[in-house]
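What follows is a single structure, written as structure tokens, with notes after it.
The values are calculated or read from the model by the stated rules, or taken from the named source; none is laboratory data. Note that the structure is predicted; figures quoted are calculated from it, not measured. Glycine also receives a Cβ, built like all others from the backbone with ideal geometry; neighbour counts cover every protein chain displayed.
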């Protein structure tokens, strides 16, 4: 019988118990398909009146893609991707200049100023990224980066997260494919820790710690798939069963620096990996997030990437109490199973 291990994350002060003794085979982890509720989808074409006005919309014209926004009562139809304010935002733009962080007695606070938007990835209600057209995925990537650029113009925005919730158990209230963008007035803890540790190693050894990780994982048992621009692997200390990361092969602090070829390769990487996850585990709920360098400042030591977290396990008292995680699937086994289904 295999021995359980406790593994430390590459950079973060975070530990995971890898427990093959409690390992479940892929088909044991398959979840029942979610029942699709019949109703009106506010994200579908024709229902634009059910959402706030678009802050960005890609419209196909005879001369190519035109970037517009809804204003003065104008609602654009025949769109390819559409962005608008979240009806229930966690962060909102300030009416006036933002308050600085305040410390009163032992309590620290600041106003929740920022942005929180929805990005509808396709007019097609069932265009799951695992089966989506590459061209459509590129539109969604471009639109997300356009919004990151726009948010970065605001002095109160320090970081913007591009993320996706897929499935009810992962926090998606609607099944129409969509991402979200959250621009925060501070650099979140995990990103800050990645920035700090990678900068320390950059200064001491003159190397990118992420590039070193990529080299090792590209030749190891946790490798899953690659194309010209991106590498996909299961991380050494995965905290979620079947967790995988998508990294650009060239050193880049932010996806804003991507070429058109890279964007196409990223679209392919998302389609292949999310499609593989869909086929392996019957389209499980998952979350993903873009870890990118803040747009204000110089972060040449950082290496942006995407982390994908299938929501298969339940975090209970142990995980929530200690922020230490039990993963019942060895990353090496997860990678092997993902490789197999992708090859098929």
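Take the residues in the range 175-203 that are touching a helix residue (DSSP H, G or I) at 6+ places or on another chain (Cβ under 6 Å) and in a helix (DSSP H, G or I); name whichever of them is nearest to residue 155 (Cα to Cα). Ranking the candidates gives 198 first. A count restricted to the range 153-166 and to residues that are in contact with a strand residue (DSSP E or B) (Cβ under 7 Å, 6 or more places away or on another chain) and either closer than 17 Å to residue 258 by Cβ or assigned to a loop (DSSP other than H, G, I, E, B) (or both) stands at 5. All conditions but one from (1) over 13 Å from residue 306 (Cα atoms); (2) assigned to a loop (DSSP other than H, G, I, E, B); (3) in contact with a strand residue (DSSP E or B) (Cβ under 6 Å, 6 or more places away or on another chain) apply to residue 235; the one that does not is (1).
Among the residues of the range 102-141, what is the count of those that are part of a loop (DSSP other than H, G, I, E, B) and under 26 Å from residue 284 (Cα atoms)? Summing the residues that are part of a loop (DSSP other than H, G, I, E, B) and under 26 Å from residue 284 (Cα atoms) in the range 102-141 gives 13. Regarding the range 317-324, can at least one residue be identified that is surrounded by 18 or more Cβ atoms within 10 Å (Cβ to Cβ) and either in contact with a helix residue (DSSP H, G or I) (Cβ under 7 Å, 6 or more places away or on another chain) or over 22 Å from residue 210 (Cα atoms) (or both)? No: the range 317-324 contains no residue that is surrounded by 18 or more Cβ atoms within 10 Å (Cβ to Cβ) and either in contact with a helix residue (DSSP H, G or I) (Cβ under 7 Å, 6 or more places away or on another chain) or over 22 Å from residue 210 (Cα atoms) (or both). Just wondering, is there one or more residues in the range 267-274 that are within 24 Å of residue 299 (Cβ to Cβ), without any contact (Cβ under 8 Å) to a residue 60 or more places away in the chain and touching a helix residue (DSSP H, G or I) at 6+ places or on another chain (Cβ under 9 Å)? No, the range 267-274 contains no residue that is within 24 Å of residue 299 (Cβ to Cβ), without any contact (Cβ under 8 Å) to a residue 60 or more places away in the chain and touching a helix residue (DSSP H, G or I) at 6+ places or on another chain (Cβ under 9 Å).
Residues in the range 239-260 that are touching a helix residue (DSSP H, G or I) at 6+ places or on another chain (Cβ under 7 Å) and within 24 Å of residue 7 (Cβ to Cβ) were compared, and the one that is surrounded by the fewest Cβ atoms within 10 Å (Cβ to Cβ) is 246. Here residue 280 does not fit the description of being farther than 24 Å from residue 131 by Cα, in contact with a helix residue (DSSP H, G or I) (Cβ under 7 Å, 6 or more places away or on another chain) and not in a loop (DSSP other than H, G, I, E, B). Of all the numbered requirements in (1) touching a residue at least 12 places away in the same chain (Cβ under 8 Å); (2) assigned to a loop (DSSP other than H, G, I, E, B), residue 211 misses one, and that requirement is (2).
Within the range 285-302, restricting attention to residues that are in contact with a strand residue (DSSP E or B) (Cβ under 7 Å, 6 or more places away or on another chain) and in a loop (DSSP other than H, G, I, E, B), which residue is farthest from residue 253 (Cα to Cα)? Result: 285. Here 172, 144 are screened, and the one residue that is within 17 Å of the chain's Cα centre (by Cα) and either exposed (fewer than 13 other Cβ atoms within 10 Å of the Cβ) or part of a helix (DSSP H, G or I) (or both) is 144. For the range 214-221, state whether one or more residues are in contact with a helix residue (DSSP H, G or I) (Cβ under 8 Å, 6 or more places away or on another chain) and at pLDDT 95 or above. The answer is yes, given that some residue of the range 214-221 is in contact with a helix residue (DSSP H, G or I) (Cβ under 8 Å, 6 or more places away or on another chain) and at pLDDT 95 or above.
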